[in-house]
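A.B. asks: What follows is a single structure, and I will ask about it in a moment.
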Amino acid sequence: MSYILGIYDSDTDYANQLMDYIKRKKKAVTQVRIFTNSSSLKEYLEHDKINVLLLGGEIPIDEVLHQNIKNICILSEGNIAREQESYHVIYKFQSARQVMEELFSYFPLEDTLVRALLSGNGSSNIISVFSVGKENERQVFSYYLASEYAKTKKTLYINLDLFSAWTEISGSYSEKGLSEFIYYLKQSHPNIITKMNGIITKINNLDCIQGVSFGPDIYEMLPDDIDYWIKTLKEASDYEVIIFDVGCFFHTTLELFRNSNELLLLIGDQKLEEGKYHNFRYQLQLTGYEDVLEKITEVVISKDMGNKLEYSLTNDLYSHEYNDMVMEYVKYI
C-alpha cells in the first residue's frame, strides 16, 4: 500500500520546506509530490492517485478536482471566505509539525498501511552499500553480497557508480543499462517495472542492472525519481533483496539511503579514512539526515583485507577471509 501526499501551492519555497519536513518525520507517507501548475498536476493524475492534496488558498478548487484525488485540504493564509467551504482548512503559517498534526487528525494514515510499513511484510529488503574511502572494495563487496543472497533469495544488484568496471570484468557487459532506464524513470513511467526488467542482465543466478554509460547521467536522477523507483520496487517487484552499489554522493543518493532498510558503510582503518567517516556522519547531522545515521552498519576494511579483495577480483578468486566477512552481513539466510 502507498500513501501519496501532494502539495500544490504558488509559494514553492514553502512547499519544498514542508516536503522536506514530511520526508524526515512522516515515514508512513510513501511519497510527497510538489506541483507548480495545474498542467503538471493533471498529467500526474492520469496515471497515479493522491491520498491528500494540500492546496494553496489562492488556487480555485475547480482547477484541481479529479477522481484520482481522494481528499483535498486547503492551506489558508487567513481568508475567511475560503474557510467557509466544505473542505478542511489548515493555517499554513505555523510550524510544519503543527500543519502535519492537523492534517493527520483530519485524514489519519490507515492502520493497515502503518502496519505494513512498520513490519515490511511483502516488501523487498533494500540494502545500500556505500564507502568513504574504500571504493574498489565497495564494488567487490556489493557484488559478492548480492551473489550470496541470490543463492537462497530472488536478488537484484543495481550499480549506481560513475565508473563501473565490474560488469566488464565479469564478462556480462550489455549496451542496455542505467542510462536508458533513467529516461523512463524521470517520466514516472506507469510501466516502470517492465522498463526495468528490459535492462536486467544475468550473472549466474543474480539479476543485475549495469551502471550508466556516461557518468554524469546519474546526476539526472532527482530525489523524487528515486522515491518513485523505491516505492514501485517495494509494491510491484518480486525481488526479496535489492542491493544498491552506490558510488556517488548527492541529494538523490541521500534519499536512497533514507528509503533503504540498511546502509552498509565500508570504512578503512587508516586515520584519513576514519576522518572521512566522521565527516560523513557530521554532514548527515548538519543537514537534517539524522534518520540515515540509524540505518548505518559499519564494515571495517583493513589494508590487508583490501589487498586480498583486489587480488580476488583480479584473479577471479573468492578468498575464504572475504567470504566469512560477506557472510557476516548476509541476514536471514
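Quick note: the coordinates plus some simple rules give every number you see, no bench work behind them. Quick caveat: nothing in here was measured; it's all calculated off a predicted structure. Neighbour counts run over all protein chains shown; Cβ positions are idealised from the backbone, glycine included.
A.B. asks: Please report, in cubic angstrom per residue, the volume enclosed by the convex hull of the alpha-carbon atoms of the range 182-278. Could the numbers behind the result be given before it?
C.D. replies: On the way: hull volume 13.3 nm³, N = 97.
Value for the range 182-278: 137 Å³ per residue.
A.B. asks: Do any of K186/K234; K23/K151; K25/K234; K23/K49 go past 26 Å between their Cα atoms, and which? All intermediate terms of the calculation are to be shown ahead of the outcome.
C.D. replies: Details: K186/K234 18 Å; K23/K151 35 Å; K25/K234 20 Å; K23/K49 18 Å.
Violating the 26 Å Cα-Cα cut-off are K23/K151.
A.B. asks: First measure r as the distance between the Cβ atoms of T287 and E46, then evaluate 1/(1 + (r/R0)^6) with R0 = 25 Å and state the FRET efficiency to the nearest 0.05. If you can, show how the numbers build up before the last one.
C.D. replies: Details: r = 35 Å, r/R0 = 1.38.
About 0.10, to the nearest 0.05.
A.B. asks: Mean separation of Cα pairs under 8 Å and 6+ residues apart, divided by the residue count of the range 199-293: what relative contact order is that in percent? Don't jump to the answer; show the numbers that get you there.
C.D. replies: Working: 43 pairs, mean separation 18.7, N = 95.
Relative contact order here is 20 percent.
A.B. asks: Calculate the length of the line joining the C-alpha centroid of the range 224-249 to that of the range 32-72, in whole Å.
C.D. replies: The two parts, judged by their Cα centres, are 26 Å apart.
A.B. asks: Counting other beta carbons within 10 Å of each residue's own, what order do C248, C73, C208 fall into, fewest first?
C.D. replies: Working: C248 16, C73 19, C208 27.
Taking fewest neighbouring Cβ atoms as first place, the list is C248, C73, C208.
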